[in-house]
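Reading through the structure tokens given below for one structure.
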Amino acid sequence: MAASPVGVCKRRDTITALPLYYSGHLLKKYTGEKDFKKCYGELRGSTIFLYADQMHDTYSEKLDLQMLKSMAMDAPYQKNRSTIYTLTLSNEEVQLKVDNPDTGEEWRGFIMTVATREIPSKLQLLPGQMLRLEEVLSEEQKRQAPCSPLPTTTYPIHPSSSPGNTNDNTLSGIPLCFFPVSRQKAEKMLKENTEYGSIILRPSTDNTNYAITLRQDNPSGPVMKSYKVLSIDTGFVIELNAPVTVPSLGAVIDHFLKETEFRLHPYLVPQTYDTCIELPPEKSTLPSKTVPRARVAPMIHTQSLAGDTPPSYPIPLLPTKATEAGNEYQDADDMSIPDPKPKDLHQELRIAVQRRKEQIYTGSPFLHPTQK
């Protein structure tokens, strides 16, 4: 017994978690192709899944409307004429043809609403169809609303003790090969640093999901490919021909490693480490403060016996010994120096009186009393 379209649609619901907004028969061709090919299309989320016919549960192609740049209509909306839409995506251009113009207008309304998150202002639709567009817009806005902000930095990785989670950070769940870059930047990183690895996990174009960008070295040359990873309540869905659901982002990386027989490797930037320990310089100490010394020695005053303090003039030494021949004075070198410590008080007083007299009569025109 052949499967019913309802049963096929239910099987498709189990393959992908994206909500079904619209479906119908289409004709499709890419730029450069001559003829249109029949297919069956389903608009799930912001992606059009194309099947060979209505009874296939595995899609053959898909169009990501988040990469839509423009949508042009080759024929105006008129009765009894086929409608052809040219969808210009960031990586390709495809034409969709609908024989029924009413159905073609519905397709245009759903595609533009999902791609721009806004209902087009001029649509030839019935009130019930417009109400359905409003429901789809509300549901799509909720679906694409970010549940939590994506990380903006690369997290360190710590191997988990459980097998199968070797690419997970045990604290944040973000693999080390995640980089917050665009698709073009990721391809440039993989091209310029082939020794770092070949798989990069990055944010998707809508910044609400994730994407995988990888580089494969084929005999004809390196090839860049990108895959979308959707975040759902139970984990993540890798959008392949047969979508794969995994519990974590680390499992996403593990799936690509296993499918490529570990010929690809996560993109890991090597960390540089120092190998020499240097002695830090000593702390600079301030020089100790020195007390400046007086450049001129202070004048010493000798207090006299009478209490006054005359200036201390140099006291000439008196000759104490005369020569036998001429009673002449000896040289200064031969003069005897009085004992600084007199033996008795009488001698000390006599010396002091003698010095006082010398000070008084020094420079006087009169003769010294001892010379009279």
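Annotations for the structure displayed:
- Per atom type, the stretch 183-260 shows carbon and sulfur on 47% of its accessible surface, probed at 1.4 Å.
- What the Cβ-Cβ distance of PHE262 and THR88 gives, at R0 = 45 Å and to the nearest 0.05, is a FRET efficiency of 0.75.
- Between GLU348 and PHE36, the modelled labels are 14.1 nm apart [label points 7 Å from Cα along Cα→Cβ].
- Length available on full extension from GLU282 to LYS29: 0.36 nm per residue minus the Cα-Cα distance, which gives 83.5 nm.
- Projected area, mean over directions - the stretch 90-132, Cα convex hull, nm²: 3.7 nm²
- Taking 0.36 nm per residue of separation and subtracting the current Cα-Cα distance, fully stretching the chain between SER70 and THR194 would add 41.2 nm.
- A straight chain from ILE119 to VAL269 at 0.36 nm per residue would run longer than the Cα-Cα distance by 49.6 nm.
- Here the contact order of the stretch 5-144, divided by its residue count and restricted to Cα pairs under 8 Å and six or more residues apart, works out to 17 percent.
- The stretch 5-144: Rg to Rh, with Rh as the Kirkwood radius over Cα pairs: 0.94
- In this view, the solvent-accessible surface of CYS276, computed with a 1.4 Å probe and all protein chains in place, comes to about 100 Å².
- The loop-placed GluC sites (Glu not before Pro) in the stretch 217-266, going by DSSP, that have at most 13 neighbouring Cβ atoms within 10 Å of their Cβ come out as GLU261.
- All-pairs alpha carbon distance profile, the stretch 183-260, 5 Å steps from 0, percent: 3, 14, 26, 25, 18, 10, 3, 1, 0
- Within the stretch 29-114, the trypsin sites (Lys or Arg not before Pro) that combine a DSSP coil assignment with at most 11 other C-beta atoms in a 10 angstrom radius are LYS34, LYS79.
The values are calculated or read from the model by the stated rules, or taken from the named source; none is laboratory data. Computed from a prediction, not measured in an experiment: that's the story for all the values here. Every residue, glycine as well, gets a Cβ built from its backbone with ideal geometry; the counts of neighbours run over all protein chains shown. Just the protein is used for accessible areas: all its heavy atoms, side chains included, with ligands, DNA and RNA removed. Shrake-Rupley method; radii C 1.70, N 1.55, O 1.52, S 1.80 Å.
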